[in-house]
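Single-structure report; data block below.
The values are calculated or read from the model by the stated rules, or taken from the named source; none is laboratory data. This is a predicted model, so every value here is computed, not measured. Every residue, glycine among them, receives a Cβ derived from its backbone with ideal geometry; neighbour counts consider all protein chains shown. Side chains are part of the model used for accessible areas, which takes the heavy atoms of the whole protein and leaves out ligands, DNA and RNA. Shrake-Rupley method; radii C 1.70, N 1.55, O 1.52, S 1.80 Å.
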Amino acid sequence: MICKKCKKECLESELKNGICQECITKSKNSLIVPMIISIFISVFLSLLIIGIVNSEVKLSDFKIVSFNMDTEKSTYEYSDDVVSYSGKGKILCKNEQNDYIILIEGTNKINNKKDYIPVIIHNGSGEFSTYDSSYSGTTQKPEYEFKIIGYRSFKK
């Protein structure tokens, strides 16, 4: 019998639906190469697009320029006194053309507790705040260390 694809003469047991095993294997392999090429192109284009979108600034272009904390003590007649600590910080960005949302990791050095604070940067600046109180278990004034860990831009 003759293979329908390569016209090679084969035994009947070597043919499947008129096609030899060699041609069947080649057709499977011929699908793998275009699939790998298309995956590579897709990943490359995705990385290129992400790079273009985020190319106008770097993580180092965002700076926490200030952070101040106020302490307030509330005295109650029939319950424990409550001490609260309110912090307010300011972040600046070199690029004022776009708006950004950034994520700050705040670590309280007293108890090593980490909090994540999202901040909107509009026209090159943004503000964030913290709040701790003795009611929530804070007994000492917190000492925060902040680190900007990520950002995304969006057009105005």
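Some notes on this structure:
- Residues of segment 132-151 classified as open to solvent by 100 Å² or more (accessible area, probe 1.4 Å), at pLDDT 90 or above and not acidic (Asp, Glu), total: 1
- Single match in 108, 98 (criterion: at pLDDT below 95, open to solvent by less than 70 Å² (accessible area, probe 1.4 Å) and under 14 Å from residue 130 (Cα atoms)): 108
- Scan segment 111-127 for residues that are open to solvent by 10 Å² or more (accessible area, probe 1.4 Å) and in contact with a strand residue (DSSP E or B) (Cβ under 9 Å, 6 or more places away or on another chain) and the total you get is 11.
- Some residue of segment 59-67 being of a type in the set (Ser, Thr, Tyr), under 26 Å from the mean Cα position of the chain (by Cα) and assigned to a strand (DSSP E or B): yes
- Options 129, 79, 153; residue that is out of contact with any Leu (no Cβ under 6 Å at 6 or more places or on another chain) and part of a loop (DSSP other than H, G, I, E, B): 79
- From the options 86, 55, 42, residue that is open to solvent by 40 Å² or more (accessible area, probe 1.4 Å), at pLDDT below 90, under 36 Å from the mean Cα position of the chain (by Cα) and polar (S, T, N, Q): 55
- Selection over segment 68-83 of residues that are in contact (Cβ under 8 Å) with a residue 12 or more places away in the chain and open to solvent by less than 60 Å² (accessible area, probe 1.4 Å) gives a count of 3.
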